[in-house]
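Notes for the one structure printed next.
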Amino acid sequence: MIMASTLLALTLCSAGIQGKAINSVIGPFIAYAERFYMCETDNQPLLWRWFLRATHFNPLRPKELQRLTGNVTATGGLLDDSDWGPYIAYVERFYMCEPDNRPLPWRWVLRATHFNPFKPKELQRVTGNLTFSSGLLDDSDWVKVIVDTRSNNQWKENAYVLKFNDHACRAIKVNIPGFYEQFLKKREVKGACLFRPGVYETNDAPLNWTFPNVPALPYGQYRFRLMIGKAKNLYACFVADARAVPKTD
Ligand SMILES: *[C@@H]1O[C@H](CO)[C@@H](O)[C@H](O)[C@H]1NC(C)=O
Ligand SMILES: *[C@@H]1O[C@H](CO)[C@@H](O)[C@H](O)[C@H]1NC(C)=O
Ligand SMILES: *[C@@H]1O[C@H](CO)[C@@H](O)[C@H](O)[C@H]1NC(C)=O
């Protein structure tokens, strides 16, 4: 639930929750809220407001759920989930976001077969390589994911920003398992999440873009920027233009 909860937390953040995650190194965690409020501009009431309070979280009884009291009052607008739900993701283009067009130590050159909307269960096949010319991909690296979303023919930049200060390798393995499986898994040594400089290739490999920690998303167009580095060094700035379409049974 890491990503989903983080997305939810980020979404809720924009409505104003102060909270804490315990055991916040990558891994299972329990989240609780400390305060609910609103971030209405100029203190003008918006259409939707909430008035909530929660019981204290008891660290000695972490399984005891917080109890909530209050209301969410919508005086207008609709909360509609028809454009949000379980999805199939596919990539339209892979490229890089290298600052000043200078090559970074890690590069990817990838292409994918077209997604066929009439055969949504058929996986895209990916061909190309990831080339690491220096540095290690391991759990001492940080990773930052910036997601831009598209609506009304415009990009909304930085719609979601997730940053893990370490555990980059595990974050990729857990959150983008299909990618890990095709490019990295076969080069694992004794199960360690550690990859040395080299060329990591695939040829026509079926890639299952499932994100187990993000079971539902708004449907539409996305631009993912995946940055990985260590301390002040940026190793990679990978971009994938992608889409999420409704999952059909
Ligand atoms: C919602 O809760 C607030 C705070 O307790 C209260 O002032 C308000 O009347 C409630 N709204 C409704 C519609 O019940
Ligand atoms: C992709 O992976 C998910 C999760 O493991 C699985 O449920 C799904 O069946 C896979 N899709 C295909 C087409 O193999
Ligand atoms: C990676 O793929 C690109 C495009 O196919 C190719 O030009 C390049 O030589 C490949 N790199 C390596 C190290 O194989």
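Residue-wise test of (1) more than 16 Å from ligand 2 (Cβ to nearest atom); (2) part of a loop (DSSP other than H, G, I, E, B).
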residue	(1), (2)
206	no, no
209	no, yes
212	no, yes
215	no, yes
225	yes, no
229	yes, no
234	yes, no
241	yes, no
Seminar exercise, completed: Scanning region 90-124 for residues that are away from ligand 2 (no atom under 16 Å from the Cβ), touching a residue at least 24 places away in the same chain (Cβ under 8 Å) and assigned to a loop (DSSP other than H, G, I, E, B) gives 97, 98, 104, 105
Exercise. Can you name the condition, by its number, that residue 180 falls short on among (1) more than 20 Å from residue 105 (Cα to Cα); (2) without any contact (Cβ under 8 Å) to a residue 12 or more places away in the chain?
Worked result: (1)
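Filter region 149-188 down to residues that are in a helix (DSSP H, G or I) and of a type in the set (Gly, Ala, Ser) and give me whichever is farthest from residue 84 (Cα to Cα). Explain how you work it out, then say what you get.
Residues of region 149-188 in a helix (DSSP H, G or I): 168-175, 177-183, 185-187.
This time we only want the ones that are of a type in the set (Gly, Ala, Ser), so: 168, 171, 178.
Values: 168: 28, 171: 24, 178: 22 Å.
Among them, the one singled out is 168.
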Seminar exercise, completed: Output for Cβ contacts, cut-off 7 Å, separation at least six or different chains, first residue under 20 Å from residue 159 (Cα atoms) and more than 16 Å from ligand 3 (Cβ to nearest atom) in region 205-218, second of a type in the set (Val, Ile, Thr) and in a loop (DSSP other than H, G, I, E, B), reads 211/176
Exercise. Within region 34-42, is even one residue at pLDDT 95 or above, within 16 Å of ligand 3 (Cβ to nearest atom), exposed (fewer than 15 other Cβ atoms within 10 Å of the Cβ) and not β-branched (Val, Ile, Thr)?
Worked result: no
Exercise. Quick one: residue 196 ticks every box in (1) within 20 Å of residue 225 (Cα to Cα); (2) more than 14 Å from the chain's Cα centre (by Cα); (3) charged (D, E, K, R) bar one, so which box is it?
Worked result: (1)
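The values are calculated or read from the model by the stated rules, or taken from the named source; none is laboratory data. Quick caveat, the model's predicted, so the values are computed rather than measured. Please note: Cβ atoms are built from the backbone with ideal geometry, for glycine as well, and neighbour counts cover all protein chains shown.
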